[in-house]
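To start, the structure itself, in structure tokens.
The values are calculated or read from the model by the stated rules, or taken from the named source; none is laboratory data. The model shown is predicted, which means the values in this text are computed figures rather than measured ones. Heads up, the Cβs are rebuilt from the backbone with ideal geometry, glycines too, and the neighbour counts pull from every protein chain shown.
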Amino acid sequence: MAAIDTTLSPPLPMSRIKPGRIVMWTVLFIGGLLMITPILFMFSTSLKTSSQIYDLRLIPQSPTLANYIEVLTEGQFPRWFLNSSFVAICVTASNIFFDSLVGYTLAKFRFRGRQFVFIAILSTLMIPTEMLVIPWYLMSANFGWLDSYWGIMFPGMMTAFGTFLMKQFFETVPDDFIEAARMDGLNEFTIWWKIAMPLVTPALSALAIFTFLGNWTAFFWPLISTTSKELYTLPVGLTSFAVEQAIQWEMIMTGAAIATIPTLVVFLVLQRYIVRGVMLAGLKG
């Protein structure tokens with residue numbers, strides 16, 4: 001009868017907790033807590049009454065939505081919210097269309113002066129926005145665009161960063177696909193729209209997210225280009241509202257919370273696209 005091997009195999013080594021990892025996670029936790037605490041207090045204050053403002057407890061004793069109802073019904077916040085939404089959506093759609101079209105042209109067409117055009121577009125990234133405000137303002141004044149939606153939107157309808165990003169991604173699209181489509185008789189616009197665009201969806205998602213968030217939070221140019229409150233975007237309107245409600249902190253925090261909610265929703269819903277877009281932009285750059 002065969003002998004039974006009773007020797008025990010050596011125990012697997014227990015995974016050791018590295019001190020460096022503990023320090024890293026501790027620092028990340030503290031940093032995240034420091035960043036999120038003001039936001040939590042903002043939402044907490046928006047749920048308080050005027051008598052509870054100086055109560056530093058994060059959870060109010062008797063939370064109320066009366067501040068939100070008052071801001072949304074008696075002020076101009078709904079109009080400012082719609083203005084910001086309209087501007088951000090229109091500029092985002094324009095960037096997706098024009099930046100991708102120019103990027104595709106620079107990536108897939110060979111023509112004299114192509115590199116010069118590309119370098120000229122990239123060179124605008126080195127010009128501070130503050131230096132462009134005066135030319136933008138003079139152009140808006142000459143064409144009658146001041147205090148209008150078009151006056152707010154036109155500086156961002158096409159961007160050098162978006163053109164650069166899309167060009168880098170379109171260069172990864174195989175030329176064989178483009179040539180096969182041309183042999184099938186498709187025109188260049190159809191090739192760009194139906195063949196090339198679906199292959200660069202990650203870049204389009206990243207461009208759309210960054211453009212929308214950038215225009216949603218834009219303050220400097222909308223402040224300069226508008227004079228009537230009916231055309232204020234949400235950041236400009238919030239500043240005006242804060243000046244009017246200098247003592248009522250609960251109302252100011254309520255307005256800030258309303259302005260913050262869409263950006264939080266975008267970050268929470270599209271978080272993986274934002275992270276992926278940042279990574280892809282860095283890799284392609």
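For the reader, a short list of remarks on this structure follows.
- Qualifying position, being in contact with a helix residue (DSSP H, G or I) (Cβ under 9 Å, 6 or more places away or on another chain) and either modelled with pLDDT under 80 or assigned to a helix (DSSP H, G or I) (or both), among 29, 41: 41
- Within the set 92, 49, the sole residue that is β-branched (Val, Ile, Thr) and within 20 Å of residue 153 (Cβ to Cβ) turns out to be 92.
- Helices (runs of 4 or more DSSP H) fully within region 135-197 that include at least 1 residues being more than 21 Å from the chain's Cα centre (by Cα) and free of Cβ contacts under 8 Å to residues at least 24 places away in the same chain: 175-183.
- Residues of region 102-134 that are aromatic (Phe, Trp, Tyr) and part of a loop (DSSP other than H, G, I, E, B): 109, 111.
- Of everything in region 227-255 that is free of Cβ contacts under 8 Å to residues at least 60 places away in the same chain and of a type outside the set (Val, Ile, Thr), the residue that is nearest to residue 90 (Cα to Cα) is 240.
- Among the candidates 69, 53, residue that is over 30 Å from residue 179 (Cα atoms), free of Cβ contacts under 8 Å to residues at least 24 places away in the same chain and hydrophobic (A, V, I, L, M, F, W, C): 69
- Residue 56 fulfils the conditions (1) farther than 20 Å from residue 155 by Cα; (2) of a type outside the set (D, E, K, R); (3) loosely packed, with under 13 Cβ neighbours inside 10 Å; (4) in the same structural domain as residue 195 (by TED's automatic domain parsing) except for a single criterion, (4).
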